[in-house]
Each structure stands twice: as C-alpha cells, then as structure tokens.
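The values are calculated or read from the model by the stated rules, or taken from the named source; none is laboratory data. Remember, predicted model here, so these are calculated numbers, not experimental data. Don't worry about glycine lacking a Cβ; one is built from the backbone with ideal geometry, like all the others, and counts go over all protein chains shown.
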Amino acid sequence: MTAMQVPLEISFRNVEPSPAIEAAVREKAAKLEEFYDRITSARVVVETPHRRHRQGKLFHVRIDLRVPGREIVVSREPSEHHAFEDVYVAIRDAFDAAKRQLEDHVREARGHVKVHEAAPEGRIARLDPEKGYGFIATADGREVYFHRNSLVDVDFARLHVGDEVRFAEEAGEQGPQASTVHLGGTPLTTKKRRTGG
C-alpha cells in the first residue's frame with residue numbers, strides 16, 4: 001500500500017472507534033490513491049446523527065480529499081436510506097462517490113475540460129514569513145489568503161510583495177483561499193501593464 005503524502009485522518013462521532021471500521025476506511029483510501037497518486041490529504045469522518053431512528057443506527061460518512069488545485073468533499077447523508085444501517089455500505093458508497101469526483105478531476109487535468117486556462121492571476125499583497133501565509137491581490141480588487149503549503153515549485157522564502165502569481169481559488173473556512181499558487185503569471189509587465197488600482 002502506498003502512503004499518502006499527508007497521513008489519513010479518521011475520526012468517529014457518536015460511534016465507538018473500531019479497528020475494523022478504520023481498516024475498511026484505510027483500505028478504500030489506499031485504493032483511491034492507487035487510482036490517483038496526487039492526493040495530498042484525506043480526512044474521513046464516520047458518525048451517527050443524534051436523532052434516534054426506529055430502524056436502529058444510521059451511519060453518515062464524510063470524506064474530504066485535497067488534490068492539486070481542488071478540494072473534493074463527499075458527504076453521504078443517511079436520510080431514509082436503510083442500506084446505511086451498515087457502516088461498511090456507507091463507507092463503500094462514500095468512497096465510490098469520491099472516486100467519481102476524482103475521475104472528473106483527472107479528465108479536467110488532462111485537458112478534456114479546459115479548466116486550467118482560466119487560472120486567475122494576481123500579485124502578492126502581504127506576507128507573514130513567521131506564520132507562513134500571505135494574501136494575493138486579485139485583478140477584481142479582492143484579497144485571497146494562501147498558505148505556504150499551497151505553493152507549487154517555489155519556496156515561501158523566495159516570495160516578495162508584488163510578485164505575480166497564478167492560483168486556484170476555493171472557499172475556505174475564513175473566506176476565499178488559494179489551494180495552489182504558481183509563481184509568475186502571463187507576463188503583465190511589458191505587454192499589458194495595469195494602470196490604476
């Protein structure tokens with residue numbers, strides 16, 4: 001089995017932690033990584049909702065995967081789907097859904113769907129070297145947070161305020177953030193230098 005670049009996180013809510021459930025999750029995660037080896041982190045939550053159900057416990061499985069340029073979130077709500085009374089069925093269905101999203105991502109990355117051409121561009125507005133994060137000023141006047149872990153092929157220490165970057169944006173807990181940041185945009189300096197703010 002290949003090891004992920006970031007360890008797989010498994011947590012249980014309202015469910016007794018179980019080595020058997022954990023082993024099932026790890027096996028499914030390893031299969032996902034065999035399919036796509038650029039997963040940078042994976043978090044899986046196995047839980048049962050608080051409300052009682054006359055049919056017994058229903059399981060809810062949430063998967064958060066990070067891959068370059070994207071976050072994949074799968075949340076299989078139990079609702080009235082009685083199959084999810086079996087935690088292993090809930091895990092299987094959640095990972096099947098995650099694999100479908102990964103397949104879409106792979107197709108986009110190969111250029112079947114041209115997504116990367118529209119990567120937004122901006123300039124480094126602020127840097128906090130001690131804490132390892134900064135903000136990108138976008139062309140439409142916003143600021144987008146990024147962390148040193150989002151940088152691709154560049155060291156955080158080499159960044160300077162004013163550097164041009166291309167980035168992929170996603171919704172973070174505190175607002176917009178860049179999931180990947182590449183140094184250097186299409187050269188704006190000579191051809192079409194922006195005037196004003």
Exercise for review: Could you look through region 4-15, keep only residues that are exposed (fewer than 15 other Cβ atoms within 10 Å of the Cβ) and under 26 Å from residue 150 (Cβ atoms), and pick out the one that is modelled with the lowest pLDDT?
Suggested key: 5
Check your understanding: All but one of (1) under 25 Å from residue 72 (Cβ atoms); (2) at pLDDT below 85; (3) not basic (Lys, Arg) hold for residue 197; which doesn't?
Key -> (1)
**Study point:** Of all residues in region 16-40 being assigned to a loop (DSSP other than H, G, I, E, B) and of a type in the set (Asp, Glu), the one that is surrounded by the most Cβ atoms within 10 Å (Cβ to Cβ)
**Key:** 37
Point to revise | All positions within region 123-152 that are surrounded by 15 or more Cβ atoms within 10 Å (Cβ to Cβ) and out of contact with any strand residue (DSSP E or B) (no Cβ under 8 Å at 6 or more places or on another chain) | key: 149
Practice item. List every residue pair whose Cβ atoms sit under 9 Å apart, with the two residues 6 or more apart in sequence or on different chains, where the first one lies in region 138-154 and is outside the structural domain of residue 165 (by TED's automatic domain parsing) and the second, anywhere, is crowded, with 18+ Cβ neighbours inside 10 Å and not in a strand (DSSP E or B). Key: none
